[in-house]
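Here is the structure we will look at.
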Amino acid sequence: MIISLWEALKPIFPKSLRPAVRLIYRRYMRLYCWYVGLWDRWQIKGTGFDSLPSATLRYRVHGSPHINGFLEVGRNCVADVDRAQQRIDQSLSSFSRILDFGCGCGRTIIWLRNLAPNSELFGTDIDSKAIAWCRRNIEVATFEVNSPEPPLPFPDASFDLILGITVFTQIGEDHHFQWLDELQRVVRTGGLVLITIRGETCWRTLDREEIDQIRRDGFLFRVTGYMKGIFPEWYQAAYHTRGYIESQYAKRFQILSYLEAGLDNSQDIILLQKR
């Protein structure tokens, strides 16, 4: 993909040219999503699904409009989540009510039923178009649109397990702790919250000064420009150190496990329990 090439070449590009490159990229992706979508009818055949999100929706949640990658990463993420649970001698099938917080257009939740056949499944996201698609096409779960800030539309202690996959990787520090506190509210005592963050494995595309900032402050939030007009500026790209996560999260939850690059060999998985 062009985005991968750009990230590799970015260090040698003058910063003054980067906004123009991002604009070209966004226009290219709009055209490319339209082109990929022309072939969806034939691509969906043989996947085992009657319908899948549009190329544009897939790009919004996955960073690529291609069906095979969308399905493969979603399946792998659910398998990685289940492996993380097994480290504490549990599995997805042991939870009665599961919330996929930031479910997007269902990349993960379409696979959850396979490993949690008897669980009540819920999904929520700020993307109303993605949620509208999920409501029309995914019958195994209940979906809600949430606002950019808490609260979620659920009572206290509603869930046994909450998944926050590729959510806290996108939000700034203020939103980060607001939502962490909200997940603490809606998970039951003794329940689990599994989230992912961009740890050191994900730093390879950053500038030297950005990496220095992470090491100094424990976190970095940057507006990438690639998703301008798609997502708000507070929902872009966040990076953290393990030490920062462990010190801040311990104030709110018991940290049961920290798996570096545990999600799709990329993002770190943190497994938390409400005291």
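The values are calculated or read from the model by the stated rules, or taken from the named source; none is laboratory data. Note that the structure is predicted; figures quoted are calculated from it, not measured. Using ideal geometry, Cβ is built from the backbone for each residue, glycine included, and neighbour counts are taken over all protein chains shown.
What to note about this one:
- Any pair with Cβ under 9 angstrom, 6 or more apart, that starts in segment 141-162 at a residue that is surrounded by 20 or more Cβ atoms within 10 Å (Cβ to Cβ) and ends at one that is basic (Lys, Arg) and in a strand (DSSP E or B): 159/97; 159/188; 161/97
- None of 237, 157, 261 is modelled with pLDDT under 95 and hydrophobic (A, V, I, L, M, F, W, C) except 237.
- Options 31, 71, 23: the member that is under 30 Å from residue 162 (Cβ atoms), out of contact with any His (no Cβ under 7 Å at 6 or more places or on another chain) and not aromatic (Phe, Trp, Tyr): 71
- Restricting attention to segment 235-254, the residues that are closer than 21 Å to residue 102 by Cα and assigned to a strand (DSSP E or B) add up to 5.
- The lone exception for residue 110 - which of (1) in contact with a helix residue (DSSP H, G or I) (Cβ under 9 Å, 6 or more places away or on another chain); (2) not in a helix (DSSP H, G or I) it fails: (2)
- Note on segment 35-48: residues that are of a type outside the set (Ser, Thr, Tyr), within 12 Å of residue 68 (Cβ to Cβ) and either touching a helix residue (DSSP H, G or I) at 6+ places or on another chain (Cβ under 6 Å) or part of a loop (DSSP other than H, G, I, E, B) (or both) amount to 4.
- Any pair with Cβ under 7 angstrom, 6 or more apart, that starts in segment 170-186 at a residue that is farther than 18 Å from residue 219 by Cβ and ends at one that is among the hydroxyl-bearing types (Ser, Thr, Tyr): 186/158
- Residue list for segment 78-102, restricted to those being assigned to a loop (DSSP other than H, G, I, E, B) and either β-branched (Val, Ile, Thr) or at pLDDT 95 or above (or both): 88, 95, 96, 102
- For segment 44-82, filtering for residues that are of a type outside the set (Asp, Glu), in contact (Cβ under 8 Å) with a residue 60 or more places away in the chain and more than 15 Å from residue 106 (Cα to Cα) leaves 1.
- Any chance residue 75 is charged (D, E, K, R), surrounded by 15 or more Cβ atoms within 10 Å (Cβ to Cβ) and part of a loop (DSSP other than H, G, I, E, B): no
- Close contacts from segment 229-243, counting a first residue that is surrounded by 14 or more Cβ atoms within 10 Å (Cβ to Cβ) and a second that is at pLDDT below 70 and of a type in the set (A, V, I, L, M), with Cβ to Cβ under 9 Å and a gap of 6+ residues or different chains, come to 235/227; 236/227; 237/227.
- Exactly one residue among 82, 89, 50 is on the phi > 0 side of the Ramachandran plot and either among the β-branched types (Val, Ile, Thr) or surrounded by fewer than 20 Cβ atoms within 10 Å (Cβ to Cβ) (or both), and that residue is 89.
- Filtering segment 83-96 to residues that are of a type in the set (Asp, Glu) and touching a residue at least 24 places away in the same chain (Cβ under 8 Å) leaves nothing.
- Test for residue 68: is it part of a helix (DSSP H, G or I), loosely packed, with under 13 Cβ neighbours inside 10 Å and of a type in the set (S, T, N, Q): yes
- The single condition among (1) of a type outside the set (D, E, K, R); (2) part of a helix (DSSP H, G or I); (3) at pLDDT 95 or above that residue 203 does not meet is (3).
- Entry remark, segment 206-216: residues being over 17 Å from residue 242 (Cβ atoms) and outside any helix (DSSP H, G or I) number 1 in total.
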